[in-house]
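Chemist: A single structure is presented below for examination.
The values are calculated or read from the model by the stated rules, or taken from the named source; none is laboratory data. Nothing here was measured: the structure is a model prediction, and the numbers come from that model. Here the Cβ positions follow ideal geometry from the backbone for every residue, glycine too, while neighbour counts run over all protein chains shown.
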């Protein structure tokens with residue numbers, strides 16, 4: 001019979017997770033107390049600031065168990081947090097995992113999810129140093145607090161874009177939104193899990209290495225990850241930096257996959273690009289004089305494409321889309337709002 | 001009509017919380033980025049280690065909404081985390097709050113809960129620097145990650161007790177367990193909220209100041225908070241330190257309130273003392289030569305009572321209770337297990 005949490009208990013599960021993490025043999029520098037005492041502890045590095053972020057995935061809301069394996073779920077939950085650390089220019093270091101699980105959850109599924117966490121942490125030599133497990137009656141949740149570091153003075157903010165700056169984005173946006181729509185419209189018989197847009201939705205690629213390289217270069221003015229979609233996150237930059245933006249429709253990096261999916265979905269690829277989409281790419285602003293240096297900083301660590309899509313303006317809070325005929329259309333950022341929708 | 005989260009939305013709620021926290025005017029030292037960017041960040045102090053703990057309260061499991069006000073719920077959620085930082089000898093600094101809320105949750109209730117958080121943080125000049133809000137369909141959860149600091153080399157562990165050490169406990173134990181039983185057996189018409197044992201259960205007193213003083217003194221060998229009950233947490237010390245213990249029944253600090261409640265509940269006060277109880281007191285071990293110095297370190301910051309209740313032995317994992325007639329009874333720690341019960 002398959003073991004469940006009810007059969008091995010909370011302490012039994014913690015013991016199993018502890019053993020699994022020891023087998024994984026990741027020894028992050030600086031940890032002075034790991035799992036097993038009242039708190040974890042670490043020795044921060046001199047000359048570095050500590051970054052802290054927190055994100056939570058809830059079953060049925062942020063993922064559908066029938067569409068994601070426990071391994072991918074673990075990866076995804078960690079990726080969204082790594083992306084936030086990267087968007088500040090930082091390096092992920094230590095994760096604290098708080099799980100709400102049902103009594104009938106399979107122990108092997110939890111173990112596989114932890115393998116997903118460590119799969120994403122290992123490239124950074126980052127590790128899980130603590131957590132909490134509690135019982136839920138209904139929906140499962142995975143709450144991760146991720147701690148990172150960034151060299152003092154190298155922190156990248158969303159509130160520091162300047163009028164005249166160019167706006168750059170990595171790779172293609174709208175991919176995850178289209179992947180999610182393909183999944184939700186699919187028939188039970190279809191296997192979409194290898195579709196590139198569905199993969200983009202399930203296990204997006206964070207750009208933490210690129211974020212770190214941008215921060216180290218010192219040539220960008222503002223940085224944000226696109227967890228609220230292109231328009232939502234460009235909106236955050238504009239609001240927090242007290243600036244506006246003009247975006248040139250023809251320059252928006254819309255992938256061939258997205259154009260194809262838009263036809264299948266009878267949707268406008270531009271709308272899929274602009275709206276809420278969990279792509280975890282980067283929006284970067286910098287002075288036009290420094291664009292080449294920012295591009296070369298990114299190229300030094302990664303082969304992701306970088307597109308210049310527009311300019312920051314001094315029209316506070318105003319985001320304009322320039323259409324192919326030269327006319328303008330005002331864009332209103334919405335952002336993902338869990339409660340209003 | 002009362003505002004709910006559905007009516008103001010996630011971003012509306014975050015805005016309200018942000019405003020409330022600004023009004024509270026707590027400026028913790030070291031914060032370089034607070035709420036509002038991809039991550040929070042802080043500058044750690046040279047010569048200090050960083051502590052991280054995480055605890056989650058789930059509605060219906062860790063609290064019953066009909067028995068706790070939003071203010072007390074906020075206080076309780078923060079106290080359990082402060083207690084963990086204190087049990088390592090540390091000072092609480094920064095909190096990250098992750099909430100799972102229903103769409104019909106009242107905005108004023110959330111604001112009042114935040115006042116409960118800050119009520120407990122303020123005495124330490126600690127503040128909320130980040131968080132996450134997500135929608136749940138059923139049970140609400142409150143997940144807090146609390147970050148603290150401790151002077152390098154002063155960290156207090158549960159794994160460092162030595163045979164021959166005396167075992168000390170602060171104040172009275174079993175109080176919260178009795179309070180919870182009184183609450184759960186109460187008739188709807190009874191108002192038990194001012195009953196001292198019920199207060200002990202709803203808003204226990206953490207001993208973080210005492211923990212810090214003990215750590216600074218350098219005279220204790222091991223320290224733990226009693227979040228799993230006296231026996232559960234003494235069991236953790238024994239297991240992690242590879243030691244045993246003898247506990248003297250006549251010396252156990254059983255309050256007059258507890259004796260009275262035990263009669264009402266037809267229970268043995270000793271069992272209430274030993275079993276799972278969320279009292280958040282401290283169990284301290286130290287060499288007999290240093291007991292007076294540990295007591296005086298505690299007395300320098302607090303007037304809590306300190307009782308010597310027994311000795312650490314070299315009988316690994318064996319905990320004996322010495323009865324008034326001099327005979328011994330073996331005690332088996334259980335600890336609170338959410339899934340097995």
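Chemist: Identify, by number, the condition in (1) more than 14 Å from every other protein chain (Cβ to nearest Cβ); (2) part of a loop (DSSP other than H, G, I, E, B) that residue A:271 doesn't meet.
Modeler: The number of the failed condition is (2).
Chemist: Being in contact with a helix residue (DSSP H, G or I) (Cβ under 9 Å, 6 or more places away or on another chain), part of a helix (DSSP H, G or I) and surrounded by fewer than 24 Cβ atoms within 10 Å (Cβ to Cβ) is the filter here; which residues of the stretch A:236-259 pass it?
Modeler: Within the stretch A:236-259, A:249, A:257, A:259 qualify.
Chemist: Let me ask something else about it. So which of A:294, A:304 is assigned to a loop (DSSP other than H, G, I, E, B) and within 24 Å of residue A:155 (Cβ to Cβ)?
Modeler: Of A:294, A:304, the one residue that is assigned to a loop (DSSP other than H, G, I, E, B) and within 24 Å of residue A:155 (Cβ to Cβ) is A:304.
Chemist: When you go through (1) out of contact with any strand residue (DSSP E or B) (no Cβ under 9 Å at 6 or more places or on another chain); (2) surrounded by 24 or more Cβ atoms within 10 Å (Cβ to Cβ); (3) in a loop (DSSP other than H, G, I, E, B) one by one for residue B:266, which number turns out not to apply?
Modeler: Residue B:266 satisfies all of (1) out of contact with any strand residue (DSSP E or B) (no Cβ under 9 Å at 6 or more places or on another chain); (2) surrounded by 24 or more Cβ atoms within 10 Å (Cβ to Cβ); (3) in a loop (DSSP other than H, G, I, E, B) except (2).
Chemist: Just one of A:153, A:148, A:130 is over 18 Å from residue A:13 (Cα atoms) and out of contact with any helix residue (DSSP H, G or I) (no Cβ under 8 Å at 6 or more places or on another chain); which is it?
Modeler: Among A:153, A:148, A:130, only A:153 is over 18 Å from residue A:13 (Cα atoms) and out of contact with any helix residue (DSSP H, G or I) (no Cβ under 8 Å at 6 or more places or on another chain).
Chemist: Can you name the number of the only condition in (1) more than 7 Å from every other protein chain (Cβ to nearest Cβ); (2) in contact with a helix residue (DSSP H, G or I) (Cβ under 7 Å, 6 or more places away or on another chain); (3) closer than 30 Å to residue B:192 by Cα that residue B:24 fails?
Modeler: Among (1) more than 7 Å from every other protein chain (Cβ to nearest Cβ); (2) in contact with a helix residue (DSSP H, G or I) (Cβ under 7 Å, 6 or more places away or on another chain); (3) closer than 30 Å to residue B:192 by Cα, the lone unmet condition for residue B:24 is (3).
Chemist: A further question follows. Test each condition in (1) modelled with pLDDT under 95; (2) not in a loop (DSSP other than H, G, I, E, B) for residue A:27 and report the one that comes out false.
Modeler: Of everything listed in (1) modelled with pLDDT under 95; (2) not in a loop (DSSP other than H, G, I, E, B), residue A:27 misses just condition (2).
Chemist: Residues to consider are B:173, B:146; find the one that is assigned by TED's automatic domain parsing to the domain that holds residue B:251 and in contact (Cβ under 8 Å) with a residue 60 or more places away in the chain.
Modeler: Numbers: B:146 fails: assigned by TED's automatic domain parsing to the domain that holds residue B:251.
Matching residue, one of B:173, B:146: B:173.
Chemist: Would you be able to say whether some residue in the stretch B:48-60 is more than 30 Å from residue B:284 (Cα to Cα), without any contact (Cβ under 8 Å) to a residue 12 or more places away in the chain, touching a helix residue (DSSP H, G or I) at 6+ places or on another chain (Cβ under 9 Å) and surrounded by 16 or more Cβ atoms within 10 Å (Cβ to Cβ)?
Modeler: No: the stretch B:48-60 contains no residue that is more than 30 Å from residue B:284 (Cα to Cα), without any contact (Cβ under 8 Å) to a residue 12 or more places away in the chain, touching a helix residue (DSSP H, G or I) at 6+ places or on another chain (Cβ under 9 Å) and surrounded by 16 or more Cβ atoms within 10 Å (Cβ to Cβ).
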